[in-house]
Amino acid sequence: MESGFTGAFRTLTRFSVPGRTGQHQNRTLFWFPFVGLVLGFFSCLIALLPISPFVRSSLMVAAMAYLTRGFHLDGLCDVADGFGGGWTKEQTLRIMRDSHVGAFALIALVCTLLIQVFSLAELVDYLPILLFVPALGRTMVAMATSLSSYAREGEGTASALVRESGPRHMVAPLLQMALFLVVLSLLASPSLLPACSATLFALVMTLLVMRMSHRRLGGVTGDVLGAIEVLGETSAYLGALIFLAFAR
């Protein structure tokens with residue numbers, strides 16, 4: 001089994017995928033959208049349960065946290081504490097590495113999870129969106145990785161991945177998302193336009209977080225990439241929901 005496939009699942013999920021992880025971590029970026037699709041499949045299964053929308057949406061959020069080991073949520077918390085409590089690059093990076101959870105982290109985590117739960121409760125009947133958005137969030141991570149330098153000196157969680165990646169490594173993930181939209185178009189799916197709106201919202205959020213991180217840190221870290229995934233995915237759900245609200 002290809003090392004990129006194995007590495008992507010071992011990095012982004014708790015799935016124990018057989019195979020050998022290669023030395024070139026940038027090969028994992030190709031598989032990031034596929035990992036998101038697999039995670040989205042579990043959300044689709046939960047969406048089919050004959051229970052209330054809010055219970056289903058809560059179960060989706062809990063399942064995603066479990067299946068990803070809270071990996072990205074931890075990054076969001078570290079970034080919230082770091083950027084909320086630090087004023088310089090050194091202060092920000094030091095706070096982000098601290099294992100303690102501060103007020104900024106709790107505020108960001110609670111608000112984000114509430115938005116996800118309430119948004120998903122309105123989207124449980126749009127199964128293509130439940131598949132598309134987790135893949136889109138991880139595509140945003142691939143894009144940010146490919147367009148950024150690593151902010152810390154020395155080694156870190158995502159140091160090799162960021163340093164080995166360049167703009168060409170985001171092409172395949174973006175094309176996979178475009179292909180998904182093309183398929184929705186060919187099927188005349190009612191989820192097409194909400195998915196396009198979700199893409200726009202996720203892209204704007206990703207660019208904003210990247211700009212903030214580049215200005216403060218001079219690049220990104222693993223925590224920043226985790227925050228981009230969570231915020232990109234959350235923005236995508238909001239984007240789909242806002243489109244549906246105006247379309248009614």
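Key figures for this structure:
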quantity: Qualifying residue in the stretch 117-133 (condition: closer than 27 Å to residue 244 by Cα and of a type in the set (D, E, K, R)); calculated: yes
quantity: Per-region count, the stretch 79-100, residues under 21 Å from the mean Cα position of the chain (by Cα), free of Cβ contacts under 8 Å to residues at least 40 places away in the same chain and either crowded, with 16+ Cβ neighbours inside 10 Å or outside any helix (DSSP H, G or I) (or both); calculated: 1
quantity: Residue list for the stretch 220-248, filter: of a type outside the set (A, V, I, L, M, F, W, C), at pLDDT 95 or above and touching a Ser or Thr at 6+ places or on another chain (Cβ under 6 Å); calculated: 232, 234, 237, 239
quantity: Every residue from the stretch 41-81 that is out of contact with any helix residue (DSSP H, G or I) (no Cβ under 6 Å at 6 or more places or on another chain) and polar (S, T, N, Q); calculated: 52, 68
quantity: Search result, residues across the stretch 41-97 that are of a type in the set (Gly, Ala, Ser), within 20 Å of residue 10 (Cα to Cα) and touching a Leu at 6+ places or on another chain (Cβ under 7 Å); calculated: 43, 65, 75
quantity: Any hit, the stretch 27-42, residues being closer than 20 Å to residue 169 by Cβ, polar (S, T, N, Q) and out of contact with any strand residue (DSSP E or B) (no Cβ under 8 Å at 6 or more places or on another chain); calculated: yes
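The values are calculated or read from the model by the stated rules, or taken from the named source; none is laboratory data. For clarity, every value in this text was computed on a predicted model and none was experimentally measured. In this analysis, Cβ positions are derived from the backbone assuming ideal geometry, glycine residues included, and neighbour counts consider all displayed protein chains.
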